[in-house]
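Readers should treat all values here as calculations from the given coordinates under stated rules, not as data from a laboratory. The structure presented is a predicted model; accordingly, all values stated were derived computationally and were not measured. We place every Cβ from the backbone using ideal geometry, glycine too, and count neighbours over all the protein chains shown.
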Amino acid sequence: MYPIPGHLALGLVGSRLSSTPLTPVLLGTFVPDVIDKILADVIPVAPYGRCWAHTLLSVAVISFLFWKFVNKEWGLGWAVGHILHLFGDIGFIPWLYPFLSYTWPPAPNVTYATAGALLETPGAIANTLRSYIASATETITTATGTIVVSSEEIGFWDRFTPAVKKVFIPDLIGIEFLMLIAAIWVWNVPEKKSRTMGAAVALFLFLYVFRITYSPT
């Protein structure tokens, strides 16, 4: 499941650049995960957490329904958000399911795993802060010459406990929030053709490409 800041970022930028209503675009970036995770993890009737709502068929059908029964703007807005969601999930996407058969990769129950992670997050963050303070103390002590520890031996992310890396993935979440900040910049620039808009879009695209190609250690 794509983290929430990433959903918001994709929705803001997609709505702004396509001149479509924000609400259907945001729904298109969130709802596919909700549908498929319920179908795969809760009911379950789908073989994988990216199945029926992660296909080009679902984009076409849901967009048409909004176009037909709500209005054209909502149909276009949903299509923009839904397509952006699929590209945000780039990796294994069953684009042409059910017209093509796919070998579904093994995956944990993401819904229950996410719920468990949320329950563990407060304690994990507390451990992170304690670990960071302890590491900072070591660094200060090093500055006095009492202990000699090079920066290569204590990396920035080494200050975070393994539990936090596993549950919270602070570096990945950090990238998500940077994307959101860039997206808010795009949303607030009034002139689409201005240099500021160009710089904002370039920054967002850079962070987006980095996001989908980066694997946290």
(Q) Over 19 Å apart: what share of the alpha carbon pairs of the stretch 11-91 falls there, rounded to a whole percent? (A) 34
**Q.** Listed residue (Leu84, Gly28, Ala60) projecting farthest to the positive dipole end of the stretch 22-87, Cβ model
**A.** Ala60
Q) Could you give the nm distance between label points at Thr213 and Trp187, where each point is 7 Å from its Cα heading toward the beta carbon? A) 2.7
**Q.** Relative contact order for the stretch 1-125, counting Cα pairs under 8 Å that sit 6 or more residues apart, in percent
**A.** 30
**Q.** Taking Leu12, Leu178 and counting other C-beta atoms within 10 Å, the order from fewest to most
**A.** Leu178, Leu12
(Q) Please compute the modelled spin-label separation between Lys68 and Leu17, points set 7 Å along Cα→Cβ, answer in nm with one decimal. (A) 3.1
Q: Based on other C-beta atoms within 10 Å, arrange Ser58, Ser19, Ser63 from fewest to most.
A: Ser19, Ser58, Ser63
Q | Order of Met197, Met179 - criterion: other Cβ atoms within 10 Å of each residue's Cβ, fewest first | A | Met197, Met179
Q | Separation between Cα centres of the stretch 88-110 and the stretch 1-54, rounded to whole Å | A | 15
